[in-house]
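Each remark here refers to the structure printed beneath this line.
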Amino acid sequence: MHDPTGHGHHYASLLIKHGESVKTVSERLGHTNAAMTLNIYTHLWPDSEEQTRAAVDKAYANTPDEGDAEARAAA
């Protein structure tokens, strides 16, 4: 699929930026499969290491430390 106007790339970039999956982007662009989409646009998806770190940080930020809770209860 060749898009001389660049609209396809812009559209894909917007979808990826807003968290759409590779499957969704692939379908919207009319690619034959998700591998084709990844070959072209993989550099636009967030770094998986950063995404994983952020998810773990968020999970721990929302969970009270059990040791602190036990210490407060004992006091």
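Volume of the convex hull of the range 14-65 (Cα atoms only), normalised per residue: 84 Å³. Taking 0.36 nm per residue of separation and subtracting the Cα-Cα distance, full extension of the segment from Ala61 to Ser48 would add 2.7 nm.
Quick note: the coordinates plus some simple rules give every number you see, no bench work behind them. Since we're looking at a predicted model, the values are computed, not measured.
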